1. So B:Ala81 clears everything in (1) within 11 Å of the chain's Cα centre (by Cα); (2) farther than 16 Å from A:Arg42 by Cα except one condition, right? Which one?
2. Under 7 Å between Cβ atoms, at least 6 apart or on separate chains: pull out the pairs that start in region B:16-45 with a residue that is at the interface with chain A (Cβ under 10 Å from one of its Cβ atoms) and of a type in the set (S, T, N, Q) and end on any residue that is in a strand (DSSP E or B) and open to solvent by less than 40 Å² (accessible area, probe 1.4 Å).
3. What number of residues within region B:60-112 satisfy the criterion of being more than 10 Å from every other protein chain (Cβ to nearest Cβ), outside any strand (DSSP E or B) and open to solvent by 30 Å² or more (accessible area, probe 1.4 Å)?
4. For region A:21-65, enumerate the residues that are part of a strand (DSSP E or B), farther than 16 Å from A:Ser84 by Cα, out of contact with any Asp or Glu (no Cβ under 9 Å at 6 or more places or on another chain) and open to solvent by 20 Å² or more (accessible area, probe 1.4 Å).
5. Mind telling me which of the residues A:Phe88, A:Phe74 ends up being over 23 Å from B:Glu88 (Cβ atoms), open to solvent by less than 10 Å² (accessible area, probe 1.4 Å) and under 15 Å from the mean Cα position of the chain (by Cα)?
6. If I ask for residues that are away from chain B (no Cβ under 14 Å) and within 12 Å of the chain's Cα centre (by Cα), which ones from region A:57-71 would you list?
7. Grab the strands (runs of 3 or more DSSP E) fully contained in region B:1-59, keeping just those with 1 or more residues being small (Gly, Ala, Ser).
8. When you scan region A:72-89, how many residues do you find that are within 14 Å of chain B (Cβ to nearest Cβ) and touching a residue at least 60 places away in the same chain (Cβ under 8 Å)?
Amino acid sequence: SQTIHQWPATLVQPVGSPLSLECTVEGTSNPNLYWYRQAAGRGLQLLFYSVGIGQISSEVPQNLSASRPQDRQFILSSKKLLLSDSGFYLCAWSVIKETQYFGPGTRLLVL
Amino acid sequence: AQSVTQLDSHVSVSEGTPVLLRCNYSSSYSPSLFWYVQHPNKGLQLLLKYTSAATLVKGINGFEAEFKKSETSFHLTKPSAHMSDAAEYFCVVSLQGGKLIFGQGTELSVKP
């Protein structure tokens, strides 16, 4: 069966520091991968998606970037965090185009 | 353009009573629709999905939803609420390219 992992689970970082969040999927090949952000009391906003290694599409201009160095690995990064980057970050995968399955999330607090 | 509206930001029920979470969608084609549940500080779990087969869709944990094209609705129901059902519920519509549009969420509270 397929599983999706995210780490760290929780992260507290100072403003201006770098960021690296990792997402890995097991049990499937060539998945579509997605990064979402969920701000407090709001729905989910799609940040990036990837249909293959090295292929990244950005949905919104922002302080973040994404990379996919391996088939089942998806990384979310920032060179300098802003206060507004705080939130709950969710990674998701899909093989069939529409049904997405979500990871456990990373809670990021920027102080 | 495709969109989804969850009509209630918060619903409160008593344990053992029925649950109704309302969702309306807008789509220029026959959509795929989903309900996800999110417990506090957890990821989203797929409850059920509609993909143009049977209009009454049964999901996990006793939930079901009915697709009504004439009303552009996809309401989520459960006959009897449990305390463990307390969570945030998201109605989602899928775009043809596979991207998802999320409703703003409905927080379900269950009172003992």
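The values are calculated or read from the model by the stated rules, or taken from the named source; none is laboratory data. Source: prediction; values computed, not measured. So basically every Cβ, Gly included, is an ideal-geometry build from the backbone, and we count neighbours across all protein chains shown. Note: areas computed on protein heavy atoms with side chains; ligands, DNA, RNA excluded. Shrake-Rupley method; radii C 1.70, N 1.55, O 1.52, S 1.80 Å.
1. So B:Ala81 meets the others, but not (1).
2. Close Cβ pairs satisfying both conditions: B:Ser32/B:Tyr50; B:Ser32/B:Ser94; B:Gln38/B:Leu44; B:Gln38/B:Ala87; B:Gln38/B:Phe90; B:Gln45/B:Tyr36; B:Gln45/B:Val37.
3. 14
4. Matches in region A:21-65: A:Glu22, A:Thr24, A:Glu26, A:Asn32, A:Val51, A:Gln55, A:Ile56, A:Ser57, A:Ser58.
5. Numbers: A:Phe88 fails: over 23 Å from B:Glu88 (Cβ atoms).
After applying the criteria, what remains is A:Phe74.
6. Going residue by residue through region A:57-71, those that are away from chain B (no Cβ under 14 Å) are A:61-71.
The answer is A:Leu64, A:Ser65, A:Ala66, A:Ser67, A:Arg68.
7. Working: elements: B:3-6, B:10-14, B:19-21, B:23-26, B:32-38, B:44-50, B:56-58.
Fully inside region B:1-59 and qualifying: B:3-6, B:10-14, B:23-26, B:32-38.
8. 1
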